[in-house]
Amino acid sequence: MNKQRRAVVKGLAAASFTALTACGGSSSESSRAGQAPSPGVVPGEELSLPAVAFNHGVASGDSLADSVILWTRVTPTDALPRTIDRVPVQVTVARDREMREVVAKFDASTGPDSDFCVKVDAVGLQPDTWYYYQFSVGSQRSSIGRTRTFPTSSAATERARFAVVSCSNYAFGLFSVYKAVSDHADLDFVLHLGDYVYEYGPGEYGDFPGREPLPPHEMIELADYRQRYAQYRTDPHLQAVHQQFPMICIWDDHESANDSYVGGAENHDEATEGDWAKRKAASIQAYHEWLPIREHPTDPERIWRNFAFGNLIDLFMMDTRLEGRDQQVSSPSDPARFSADRRLISEDQLGWLVAGLTDSSARWRMIGQQVMFAELNIARTVDVAKTLGLEDETEFNGQLAALNVDQWDGYVADREVILQTLADNGIDNTVIFTGDIHTSWANEVYADSGNLLENSLTTPLAAEFVTPSVTSPGLPDGVAELAELAVPVANPHMKYVELKTPGFMLVDVTLERTQAEFYYVRNITSEDDIGKIDPAKTKVVGVDDGNSSIYQDRALSEPRALRTAMFHPPVRTAVS
């Protein structure tokens, strides 16, 4: 975490054929639905199978209407991993928790080339349906996971509920927030907006006892990234989240290195840490191995993708970090941040987003991305040129002085394209979800956030909800409270700010409104308080259909009567 960010606040194919990916490449066929589970190996191979453990749980993600990514990792226990070339793995999908109503089986293989991770794209499933799944290597079986497909894009859909998380630094404390998320009984999915792991070595950024990062140095090589993911994925509370709900994820900077961009990172020194392109490729490979994300068929660096949850939500997951970002400007006062040539995302990604927003017919257009979209300012400079009737040569007079140029404030031109798209096309019901800065915000997004008179006469173009961190620190006590009072003075479009407490957002979406509920845990230091919410801090914000002005302090949304979580009574039918 660099000094600047600390100063700020520091997402039925034919039954006879299936497409799948194992983390090193594989092909397979599915068994016919209704057959009893088989060991997942050819006859006679059982004796040659290695003994394995499923130490890192199971996971699912990137749900579509007819498929979902299923994930696990097998850990050889009776032989050195380097002596094992191939482990055959099968995943069974069923409608019931007892795994008796089998609907599909998928075969894959894994080995050291993929760090013994397995990813299967389980196709041919029914839309808007909950499923159970289990991996096996011979008679050795994983825990059972639960996942779901999404409603088709044309399906009339009245409700969705999901959690939003980011910034989970293992070395900064206990994953109490993940426990709180896993305790919710009726989520459809989880959005993880990045910083799933952190790259630092012991004591460099977090020193909670018993949670020293592995390997015991900054991760740079592929083996380092793999070991760090393996450590994180042993945490039981993170495992519980993955086991119960599909996850839609994107990376931010710490999955590679702090304040990364296309050609480098603040926390990468080529003189001592080698070639950035090699390090970035290693981080991307490990990310794809360890996360339940559907990989692009030709470009591993492309994670921007979209999802439909019925006709209720079109969700666009962006990459504002590695794919198209120019290096950050040197300071907030650098007028280069207003240059039309500066890119936060590539032209391809920008075109994809603009087309998606324009063409969407869903009730809500939602964007999952990494860094704050709304302007975050400390003051407006005096517009000297305009006062004197002169041309503004600097492109800075009259502009707001930004506080953090790692955010969209450092890449004004790309933001202007998106804002202009919303304005010119009359696109409403746009909600942006953001991570990165370890704190909580509810922001109204205007074409010019500093134009108080004009904004008082218009409705915002969009709303932005920024999720707090899982463990990474915000501002310290005292400083946080003062900043919470000061921020809205220069930023009246920021309607809610909380700058210190770990937590998550629960988002409840209906045809009438999108409501974000901020839940904060009591602490991240006590085992006795794991998963316990501090109700005094809970905050409700949201926007109504057709109006992006943020409301506050309405009643909490009602939980579904039918529960969907793995550790609650199973639901046999689709949940509306």
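State which residue pairs qualify: first residue open to solvent by 20 Å² or more (accessible area, probe 1.4 Å) and inside region 505-524, second residue in a strand (DSSP E or B) and among the β-branched types (V, I, T) in any location, beta carbons under 6 Å apart, and separation of 6 or more residues or different chains. Pairs found: Y519/I533.
Is it the case, given these coordinates, that S109 is open to solvent by 10 Å² or more (accessible area, probe 1.4 Å), more than 28 Å from S472 (Cβ to Cβ) and part of a loop (DSSP other than H, G, I, E, B)? For S109, the condition - open to solvent by 10 Å² or more (accessible area, probe 1.4 Å), more than 28 Å from S472 (Cβ to Cβ) and part of a loop (DSSP other than H, G, I, E, B) - is not met. Filtered by the rule that a residue be of a type in the set (G, A, S) and closer than 28 Å to A463 by Cα, region 516-544 gives A516, A536, G542. Of the residues S136, S143, S154, which single one is in contact with a Pro (Cβ under 9 Å, 6 or more places away or on another chain) and modelled with pLDDT of 95 or more? Testing whether each residue is in contact with a Pro (Cβ under 9 Å, 6 or more places away or on another chain) and modelled with pLDDT of 95 or more leaves just S136. Within region 532-551, restricting attention to residues that are within 22 Å of the chain's Cα centre (by Cα) and hydrophobic (A, V, I, L, M, F, W, C), the residue that is farthest from V445 (Cα to Cα) is I533. In region 289-318, the residue that is nearest to L353 (Cα to Cα) out of those that are in a loop (DSSP other than H, G, I, E, B) and of a type in the set (A, V, I, L, M) is M318.
For region 58-71, filtered to residues that are small (G, A, S) and over 19 Å from the mean Cα position of the chain (by Cα), the residue that is farthest from H288 (Cα to Cα) is A65.
Of the listed requirements (1) of a type in the set (A, V, I, L, M); (2) more than 17 Å from the chain's Cα centre (by Cα); (3) open to solvent by 10 Å² or more (accessible area, probe 1.4 Å), A171 misses just one: (3).
Of all residue pairs spaced 6 or more apart or on separate chains, those with beta-carbon atoms under 6 Å, a first member in region 191-217 that is exposed (fewer than 15 other Cβ atoms within 10 Å of the Cβ) and a second member that is modelled with pLDDT of 95 or more and in a loop (DSSP other than H, G, I, E, B) are P216/P202; H217/G201.
Restricted to region 481-504, and to residues there that are in a strand (DSSP E or B) and within 23 Å of the chain's Cα centre (by Cα), the residue that is nearest to A374 (Cα to Cα) is M494.
A single member of Q328, Q285 is in a loop (DSSP other than H, G, I, E, B), among the polar types (S, T, N, Q) and open to solvent by 10 Å² or more (accessible area, probe 1.4 Å), and it is Q328. Between a first residue in region 343-370 that is β-branched (V, I, T) and a second residue that is in a helix (DSSP H, G or I) and open to solvent by less than 40 Å² (accessible area, probe 1.4 Å), which pairs have beta carbons less than 8 Å apart while being 6 or more apart in sequence or on different chains? Taking only residues 6 or more apart or on different chains, the pairs are I345/L353; I345/D414; V354/I418; V354/T421; T358/T421; I367/L353. Cβ separations smaller than 7 Å between residues 6+ apart or across chains give the following pairs from region 487-504 residues that are over 20 Å from V177 (Cα atoms) and open to solvent by less than 10 Å² (accessible area, probe 1.4 Å) to residues that are modelled with pLDDT under 95 and assigned to a strand (DSSP E or B): N491/N377.
Residues being of a type in the set (A, V, I, L, M), assigned to a helix (DSSP H, G or I) and crowded, with 19+ Cβ neighbours inside 10 Å: count how many of those fall in region 218-259.
Going through region 218-259, the residues of a type in the set (A, V, I, L, M) turn out to be 219-220, 222-223, 230, 238, 240-241, 247-248, 250, 257.
Still in the list and also assigned to a helix (DSSP H, G or I): 222-223, 230, 238, 240-241.
Narrowing further to those that are crowded, with 19+ Cβ neighbours inside 10 Å: 230, 238, 240-241.
Of the residues in region 218-259, 4 are of a type in the set (A, V, I, L, M), assigned to a helix (DSSP H, G or I) and crowded, with 19+ Cβ neighbours inside 10 Å.
For region 260-272, taking the residues that are within 21 Å of Y229 (Cβ to Cβ) and touching an Asp or Glu at 6+ places or on another chain (Cβ under 8 Å), the one that is surrounded by the most Cβ atoms within 10 Å (Cβ to Cβ) is identified as S260. Between S136, S143, the distinction of being open to solvent by 40 Å² or more (accessible area, probe 1.4 Å), in contact with a Gly (Cβ under 8 Å, 6 or more places away or on another chain) and not in a helix (DSSP H, G or I) belongs to S143 only.
When R86, R97 are screened for being at pLDDT below 95 and either under 28 Å from the mean Cα position of the chain (by Cα) or acidic (D, E) (or both), only R97 passes.
For region 271-282, residues that are of a type in the set (G, A, S) and in a loop (DSSP other than H, G, I, E, B) total 1. Residues that are within 19 Å of E375 (Cβ to Cβ) and among the aliphatic types (A, V, I, L, M) within region 459-479 comprise L461, A462, A463, V466, listed in sequence order. Restricting region 331-342 to residues that are touching a strand residue (DSSP E or B) at 6+ places or on another chain (Cβ under 8 Å) and open to solvent by 30 Å² or more (accessible area, probe 1.4 Å), the residue that is farthest from K280 (Cα to Cα) is S333. For W276, the test of being closer than 16 Å to V262 by Cα and surrounded by fewer than 20 Cβ atoms within 10 Å (Cβ to Cβ) is passed.
The values are calculated or read from the model by the stated rules, or taken from the named source; none is laboratory data. Treat the numbers as computed from the prediction; the structure is a model and nothing was measured. Here the Cβ is made from the backbone with ideal geometry for all residues, glycine too, and neighbour counts use every protein chain on show. Ligands, DNA and RNA are stripped out before the accessible areas are found, and what is left, the full protein with its side chains, is counted by its heavy atoms. Shrake-Rupley method; radii C 1.70, N 1.55, O 1.52, S 1.80 Å.
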